[in-house]
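Engineer: Below is the structure I would like to discuss, written out as structure tokens.
What follows is calculated from the coordinates using simple rules that are stated; it is not laboratory data. This one's a predicted model, so the numbers in the text were calculated from it and none came from an experiment. Note: ideal-geometry Cβ built from the backbone for every residue, glycine included; neighbour counts use all protein chains shown.
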Amino acid sequence: FAMFSGLKPEEQTEMIRATLRLAENATDIYTTMVDAYFREEHRLIWQFSRDVSLEVTAGDRAEAEQLFAEMEKAMLTNRNHAWIEVIEAEARSGRHITVAVGAGHLSGTTSVPKLLTAYGIDAERVAY
């Protein structure tokens, strides 16, 4: 959980509280996210998570949006950039490599596929 270490303790606590408030709708939320995953609408999963989280977050909406943006940076953006450095080094070795990432890392302006392209690395998505 080092990715959350940059957040203030009260921000971490609010994240946990917001997640707990989702418990009563967990089945519906899970079904919606799984359906989006198999339709390959990966960004929709993240957006849905954001919207649901903002809906149940107590307090100032602007603060909640900022907190979610920080969470996205910690969970996706920073990790994607860190992974690309490792992937690039392996790809430049001339060996064929396979990289598997979670759905959240497949969409957005700093997604793993977009960063690979920006680094000039050919990537082929394998169907599931």
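Engineer: Only one of the values (1) 8.8; (2) 11.0; (3) 7.8 was calculated from this structure for mean projected area of the Cα convex hull in nm²; name its label.
Structural biologist: (1)
Engineer: Placing +1 on the Cβ of each Lys and Arg and -1 on the Cβ of each Asp and Glu in the chain, which of Ala36, Leu22, Thr57 has its Cα farthest towards the positive end of the resulting dipole?
Structural biologist: The Cα lying farthest towards the positive end belongs to Ala36.
Engineer: Using a Förster radius of 25 Å, what is the FRET efficiency between Glu90 and Arg50 based on their Cβ-Cβ separation? Nearest 0.05, please.
Structural biologist: 0.20
Engineer: Still on this structure, please answer the following. Testing the spin-label approximation: label points 7 Å from Cα along Cα→Cβ at Arg21 and Thr109. State their distance in nm.
Structural biologist: 2.8
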